[in-house]
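The values are calculated or read from the model by the stated rules, or taken from the named source; none is laboratory data. Since this is a predicted model, take the numbers as computed values, not measurements. When we count neighbours, we look across all protein chains shown, and the Cβ atoms used for this are built from the backbone with ideal geometry, even at glycine.
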């Protein structure tokens, strides 16, 4: 299972918004795109999806941009990935909407593997909030560590 750029870039953009959560005002899209080295046009598409999902709010006007719709501690990586990528499942047979379409669902022994893998992935993604990632980035910056983070505080 491999995440697409939608999921990876979406998480990066949301972490960027979390890092600027305490700032006054909204964060312009072009600022996020520049800091994260993501095409502004592509980022617009991702943010639109996240806005429709209720994860970000938009602010119009000269000082417009985007804000997290909830506190960073209330948004998980799973929330973001699921909105941008769809159901998190290593196989179609364990995706919630596809379960009934499998002819061998009752007798497929390998399905147990895919269910355990899906559950483990969901558990990990659900256990990490934007606040966790925000604190990790802040701590790394304060300690002078460089982990390849491209965040500016």
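Do we have residue 125 as within 22 Å of residue 13 (Cα to Cα), in contact with a strand residue (DSSP E or B) (Cβ under 7 Å, 6 or more places away or on another chain), at pLDDT 95 or above and crowded, with 16+ Cβ neighbours inside 10 Å here?
Spelling it out, residue 125 is indeed within 22 Å of residue 13 (Cα to Cα), in contact with a strand residue (DSSP E or B) (Cβ under 7 Å, 6 or more places away or on another chain), at pLDDT 95 or above and crowded, with 16+ Cβ neighbours inside 10 Å.
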What pairs come out if I take residues in the range 50-63 that are assigned to a loop (DSSP other than H, G, I, E, B) and pair them with residues that are surrounded by fewer than 14 Cβ atoms within 10 Å (Cβ to Cβ) whose C-beta lies under 7 Å away, six or more apart or interchain? 63/25
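Let's see how each residue does on (1) modelled with pLDDT of 85 or more; (2) surrounded by 12 or more Cβ atoms within 10 Å (Cβ to Cβ); (3) within 21 Å of residue 19 (Cα to Cα); (4) touching a helix residue (DSSP H, G or I) at 6+ places or on another chain (Cβ under 6 Å):
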| residue | (1), (2), (3), (4) |
| --- | --- |
| 71 | yes, yes, yes, no |
| 78 | yes, yes, yes, yes |
| 94 | no, yes, no, yes |
| 120 | yes, no, no, no |
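Given the structure, is residue 30 in contact with a helix residue (DSSP H, G or I) (Cβ under 8 Å, 6 or more places away or on another chain), over 16 Å from residue 134 (Cα atoms) and assigned to a strand (DSSP E or B)?
Numbers: in contact with a helix residue (DSSP H, G or I) (Cβ under 8 Å, 6 or more places away or on another chain): yes; over 16 Å from residue 134 (Cα atoms): yes; assigned to a strand (DSSP E or B): no.
No: the conditions fail for residue 30.
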Would it be correct to say that residue 25 is in contact with a strand residue (DSSP E or B) (Cβ under 9 Å, 6 or more places away or on another chain) and in a loop (DSSP other than H, G, I, E, B)? yes
